[in-house]
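> One structure coming up, written as structure tokens, with questions to follow.
Bear in mind that the values in this text are calculations on the coordinates, not laboratory data. Since this is a predicted model, take the numbers as computed values, not measurements. Neighbour counts run over all protein chains shown; Cβ positions are idealised from the backbone, glycine included.
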Amino acid sequence: GETKRYFIEVSEIIRTYLEGRYPIDALEMTSYEVLQELQKVGLEPEVFDLFPPFFSRADLVKFAKHRPGQEISKEMVPMARLLIDETKVSDRLHESQSTAAAHEVVTAEDRAEVG
């Protein structure tokens with residue numbers, strides 16, 4: 001019953017993370033502005049492409065009164081974790097195949113939502 005609050009909080013967590021990770025005032029920006037700033041920081045295209053579906057889902061719930069199904073709601077935290085995992089500073093080896101696979105899943109889900 002608190003879907004909107006849940007999406008707002010998950011979105012704010014990612015925005016707070018982005019503020020700490022990049023020179024972006026994400027909590028004070030629209031999602032579109034955040035995406036523009038993320039393009040400027042030099043993310044790999046496969047990583048950048050993970051952000052628009054996340055913000056789109058959050059914005060639909062926050063502003064358009066969209067009520068997603070339980071499956072979509074359950075996917076927000078894993079999506080947020082993926083965004084952090086793909087952008088955090090670490091010594092890990094970057095496996096582009098795992099990023100590409102995750103991107104394909106997110107893209108396929110969003111196509112299914114639209115269709």
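> Please enumerate, by chain and number, the lysines with C-alpha under 20 Å from the C-alpha of LYS62, excluding those fewer than 8 residues away in the same chain.
LYS4, LYS74
> Enumerate by residue number the GluC sites (Glu not before Pro) in the stretch 1-40 meeting two conditions: DSSP loop (anything except H, G, I, E, B), and at most 15 other Cβ atoms within 10 Å of the site's Cβ. Write down the numbers at each step before the final one.
Details: sites: GLU2, GLU9, GLU12, GLU19, GLU28, GLU33, GLU37; in loops: GLU2.
Passing sites in the stretch 1-40 are GLU2.
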